[in-house]
Amino acid sequence: MKCPICGETLRPGKKDPNYLLCYSCKKKFKAPQKKKAAGGEEQKYSNIPPKAVREKREREMKQAYDELLSVENEKTKRKKKKEKKYEEPEDDYDDDFEYDEDGGSKLPIIILGIAIVIVACVIGYMLLK
């Protein structure tokens, strides 16, 4: 294409190829757009693989998914078999301590309670004196 002002050849710009530049008169012109055919060609996408490849990958994914489900089913079956109810061991020894629900002794709690009462009495005695 030629420059409408000076008649020199226009060249595409380095920064933006949508513009044509005239190096003699230092003018910039917008490049003419190529018109598309009205509905003649179908748009093709380059990132979609062919149908045979898509079907192969779908089969592989279905197979992998089925294997995953079968592995999970086997794990749940194993867990159900392994689960047993907790049985309390028989007491073969005598224990003077009482146990709370968590299985620990109540003796430290009793001693702590007595110590708190004693400290409160000592503080009260010192304040009254």
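The values are calculated or read from the model by the stated rules, or taken from the named source; none is laboratory data. The structure presented is a predicted model; accordingly, all values stated were derived computationally and were not measured. Counting neighbours? That spans all protein chains shown, and the Cβs are built from the backbone with ideal geometry, glycine included.
List, please: which pairs have Cβ atoms under 7 Å, are six or more places apart or on different chains, and start with a residue in the range 57-70 that is in a helix (DSSP H, G or I) and end with one that is among the aliphatic types (A, V, I, L, M) and surrounded by 10 or more Cβ atoms within 10 Å (Cβ to Cβ)? Filtered contacts from the range 57-70: no entries. Take the conditions of a type outside the set (A, V, I, L, M), assigned to a helix (DSSP H, G or I) and either modelled with pLDDT under 85 or under 30 Å from Lys2 (Cα atoms) (or both) and apply them to Glu74. Does it pass? Taking the combined requirement at face value, the residue satisfies it.
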